[in-house]
Amino acid sequence: MFEFLFLGTSASAPSVHRGLSSHLVKHRDYRFLIDAGEGTQRQILRSGAGFKRLDKILITHGHLDHILGLGGLMSTLARWDTMEKIEIWAGQHALDRISDLLFKVVLPDKGLPIKIDLIPLETGVIMEDDKFSLSAFPVVHRGRGCFGFSFEQKTHVPFLNDKATDLGVPFGPERGQLVKGNAVTLADGSVITPEDVMGDPIKGVKLVHVGDVGNTAKLLPYVQDADALVIESTYLDEDKDMAKKFGHLTATQAANLAVEANVKQLYLTHISRRYREKDVIREAQAIFPNAVVARDFTEFSVKREK
């Protein structure tokens, strides 16, 4: 299961009701902060999420409304000495700006109580374990090194306990061997194979996050069949020329991508102060009914079918 929390949903500048871009993804013991616009640490406090285990930060691109909050956040975490190391993944252009912000302005002193690793992003899997994988993919926006992120659970093959019991497989190492794919011989001489006690594969869920983006043409392979897609919707279709000029999407473009990619649920963020929320959602839902305009502190979860 992936749990998602919108910490900031405004485009370019904060509004009375919306903070700047920042989102939190939780999966088992992992916590990933995606972007850190100005005021992110206050939004974390307001949400009640806290800073525990918040040691992995993913940056979509290097524009200031997506990284300025790192200064205050890193200063606080370094002062509290709550963890030993923080990893920040970003494209090289963004890392250069983040390095200047953190090590020349915010944390210029040597001997910091916290180690900050700046890790250049490349397309492909950037981390995984036996349960899930996290991948980065290229995004077209203004400037170099912009990325989106895909969180995917791995396919699960359930062990059929009732069937194993019916076949006389005792609880213990025999069942463990079957789960590992090995046949076992029971005390009565009968041989049980994994195929006898394993169910049909269950595909894991997929959560995709896209920050600022001006063109959806190359996103389809990465977004395809996502259970949930979080993506910007800075403009309405009436201003599509302006959206193209500044490298952003309209609600119509985001909704069309969701339809084409067979997405189950669409969450729109990076909302401009120039529009009413109801106008954004009306435009998107006319094309893709399962669309939501996220607000600060909106939460959702993506779960595997049982």
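Some notes on this structure:
- Residues Asp188 and Trp80, FRET efficiency given R0 of 45 Å [Cβ-Cβ distance, rounded to 0.05]: 0.15
- Cα convex hull, the stretch 165-230: 126 Å³ per residue, rounded to a whole number.
- Reciprocal of mean inverse Cα separation for the stretch 206-293 (Kirkwood radius, Å): 12.4
- For Ile86, the residues whose amide H sits under 5 Å from its own are Lys115, Ile116, Asp117, ignoring neighbours fewer than 5 places away on the same chain, with H placed 1.01 Å from N.
- Calculated log₁₀ intensity ratio I(q)/I(0) where the Debye formula runs over C-alpha points of the chain, q = 0.10, 0.15 Å⁻¹: -0.60, -1.10
- Low-density loop cleavage sites - GluC sites (Glu not before Pro) in the stretch 234-306, where at most 14 other Cβ are within 10 Å (DSSP): Glu305
- 3J(HN,Hα) along the stretch 166-173, derived from phi through the Karplus expression 6.51 cos²θ - 1.76 cosθ + 1.60 where θ = phi - 60°, amounts to 4, 7, x, 6, x, 5, x, x Hz, with x in place of Gly and Pro.
- Among His27, His61, His270, the largest mean-square fluctuation in a Gaussian network model of the chain, built with springs joining Cα atoms closer than 10 Å, belongs to His27.
- Cβ-based exposure ranking for Ser272, Ser233, Ser12, Ser99, in which fewest neighbours within 10 Å come first: Ser99, Ser12, Ser272, Ser233
- Amide H contacts under 5 Å for Ile271: Ser10, Ala11, restricted to partners 5 or more places along the chain or on a different chain, H placed in the peptide plane at 1.01 Å from N.
- Listed residues Val140, Val210, Val16, most fluctuating in the chain (Gaussian network, C-alpha, under 10 Å): Val16
- With the biggest extent put first, the Cα atoms of the stretch 93-210 measure 72, 38, 18 Å across the principal axes.
- Taking 20 Å as the limit for the C-alpha separation, the pairs Lys206/Lys240; Lys26/Lys52; Lys52/Lys85; Lys131/Lys180; Lys52/Lys264; Lys180/Lys303 exceed it in the case of Lys206/Lys240; Lys52/Lys264; Lys180/Lys303.
- Rg/Rh (Cα only; Kirkwood hydrodynamic radius) as it applies to the stretch 25-157: 0.96
- Highest GNM mean-square fluctuation among Val205, Val259, Val191, for the chain modelled with Cα contacts below 10 Å: Val191.
- Residue exposure sequence - Lys278, Lys56 - by fewest surrounding Cβ within 10 Å: Lys278, Lys56
- Whole-Hz ³J(HN,Hα) from phi, Karplus 6.51 cos²θ - 1.76 cosθ + 1.60, for the stretch 231-244, glycine and proline x: 8, 5, 8, 6, 10, 9, 4, 5, 10, 5, 5, 5, 4, 5
- Helix-only CD estimate at 222 nm, as mean residue ellipticity for the chain, using -39500 (n - 2.57) per DSSP H run (n ≥ 4): -6500 deg cm²/dmol
- J(HN,Hα) series, the stretch 141-148, from Karplus relation 6.51 cos²θ - 1.76 cosθ + 1.60, nearest Hz, glycine and proline x: 9, 7, x, 8, x, 9, 9, x
Here, each number is a calculation from the coordinates, and none is a lab measurement. What you are looking at is a predicted structure, and each value in this text was computed from that prediction instead of being measured. In this analysis, Cβ positions are derived from the backbone assuming ideal geometry, glycine residues included, and neighbour counts consider all displayed protein chains.
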